[in-house]
Amino acid sequence: MDQLTTLGLVYFIFVMVASFSVRGSAGFGGLNAPLLLIVLPAKVIVPALVLLGILSSLAIVVRDYRYIQWQHVLRTLPYALVGVVFGVFVFKSLDTKDIERGLGLFILAYGLYSLWRMVRPARPLRIPRTLLAGSMGLVAGLIGTMFGALAGVFIAVYLNILNLPKHEFRATMAATLALMGVARAFGYFAVDAITTDVLIAFAAALPLMAIGVVLGHRLHASLNQAGFTRLVGVLFVLIGGFLFFR
């Protein structure tokens, strides 16, 4: 954190509050890690964001635990844990730029599809739920561990296709991400990725995360179901576009 300039510190504060406001409202985010890599090294910000993500998800779980759809958590979580194991070991070995562009294209395309689907009659789900949950869970664990973010995007794709109401969507998302986050944190500890710099970044960002989560709760409460669905679709487009075109 001591390498941040005054402008970099202001940028860090803004990104943290804004990104966790979005996560507090929708249950997931994804832009904080790519945006913060501009001012902080990946080895610092990625594990720190995972630790912060656990706490922000738990804040939603404690508040909305009665809305959690545990059957959907249990469908994705085992595959996500497999992805976490692989993600820990490939974290330093792959060309992340190419991966980002591929992920960005997928997320952007799905975001446009989800917005288009709002004005089209709903069609029955043709993909078996077990296959959809397994594939999205596996990719979420793998990519989330490698980048410190984006895990929620793939769980969100699964939950969005199921057309869950907004309270169930956010609570189920938060429960899944909290459990995945704990597994990712253990993985980082196992490979000695939780350093003093990581803990300093985590401590510095903790109050900013808390502010963001409170603002996100208020935004979530103000949205009706259509507005929430639109917010999720726009988030897909923004995250995917940023990753693909940056």
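The values are calculated or read from the model by the stated rules, or taken from the named source; none is laboratory data. Bear in mind the structure is a predicted one, so any value in this text is a computation, not a measurement. Every residue, glycine among them, receives a Cβ derived from its backbone with ideal geometry; neighbour counts consider all protein chains shown. When the accessible area is computed, the model is the full protein with side chains, heavy atoms only, and any ligands, DNA or RNA have been set aside. Shrake-Rupley method; radii C 1.70, N 1.55, O 1.52, S 1.80 Å.
Kindly check whether there is at least one residue in the range 162-177 that is free of Cβ contacts under 8 Å to residues at least 24 places away in the same chain and assigned to a helix (DSSP H, G or I). Looking for residues that are free of Cβ contacts under 8 Å to residues at least 24 places away in the same chain and assigned to a helix (DSSP H, G or I), one finds none in the range 162-177, hence no.
So that you can scan it fast, the table gives a plain yes or no per residue for (1) more than 26 Å from Val85 (Cα to Cα); (2) among the polar types (S, T, N, Q); (3) assigned to a helix (DSSP H, G or I); (4) out of contact with any Ser or Thr (no Cβ under 8 Å at 6 or more places or on another chain):
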| site | (1), (2), (3), (4) |
| --- | --- |
| Met180 | no, no, yes, yes |
| Tyr188 | no, no, yes, yes |
| Asp197 | no, no, yes, yes |
| Leu206 | yes, no, yes, yes |
| Leu215 | yes, no, yes, no |
| Gly227 | yes, no, yes, yes |
| Val234 | yes, no, yes, yes |
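Considering each residue of the range 163-179 in turn, none proves to be surrounded by fewer than 22 Cβ atoms within 10 Å (Cβ to Cβ), touching a helix residue (DSSP H, G or I) at 6+ places or on another chain (Cβ under 7 Å) and of a type in the set (Val, Ile, Thr).
Residue pairs whose Cβ atoms lie under 6 Å apart, separated by 6 or more positions or on different chains, with the first residue in the range 20-36 and over 19 Å from Val157 (Cα atoms) and the second modelled with pLDDT under 75 and not in a loop (DSSP other than H, G, I, E, B), are Ala33/Phe147. Across the range 19-58, the qualifying residues are those that are modelled with pLDDT of 85 or more and open to solvent by 40 Å² or more (accessible area, probe 1.4 Å), and the one among them that is nearest to Thr176 (Cα to Cα) is Leu58. Here Thr76 fulfils each of the conditions (1) under 25 Å from Ala171 (Cα atoms); (2) of a type in the set (Val, Ile, Thr); (3) surrounded by 17 or more Cβ atoms within 10 Å (Cβ to Cβ); (4) over 16 Å from the mean Cα position of the chain (by Cα) apart from (4). Among the residues examined, Ala221 qualifies as open to solvent by 40 Å² or more (accessible area, probe 1.4 Å) and over 19 Å from the mean Cα position of the chain (by Cα).
Scanning the range 218-231 for residues that are at pLDDT 85 or above and more than 21 Å from Leu40 (Cβ to Cβ) turns up nothing.
Please determine whether any residue of the range 231-243 is under 17 Å from the mean Cα position of the chain (by Cα), open to solvent by 10 Å² or more (accessible area, probe 1.4 Å), under 23 Å from Val90 (Cβ atoms) and not acidic (Asp, Glu). Quick ask: steps written out before the conclusion?
Here is the first cut: in the range 231-243, the residues under 17 Å from the mean Cα position of the chain (by Cα) are 231-243.
Still in the list and also open to solvent by 10 Å² or more (accessible area, probe 1.4 Å): 231, 234-235, 237-238, 241-242.
If we keep only those that are under 23 Å from Val90 (Cβ atoms) too, we end up with 242.
Among the residues that remain, those that are also not acidic (Asp, Glu) are: 242.
Yes; the residues of the range 231-243 include at least one that is under 17 Å from the mean Cα position of the chain (by Cα), open to solvent by 10 Å² or more (accessible area, probe 1.4 Å), under 23 Å from Val90 (Cβ atoms) and not acidic (Asp, Glu).
When each of Val61, Val10, Val82, Val90 is tested for being modelled with pLDDT of 85 or more, out of contact with any Gly (no Cβ under 6 Å at 6 or more places or on another chain) and under 16 Å from Gly141 (Cα atoms), the lone residue that passes is Val82.
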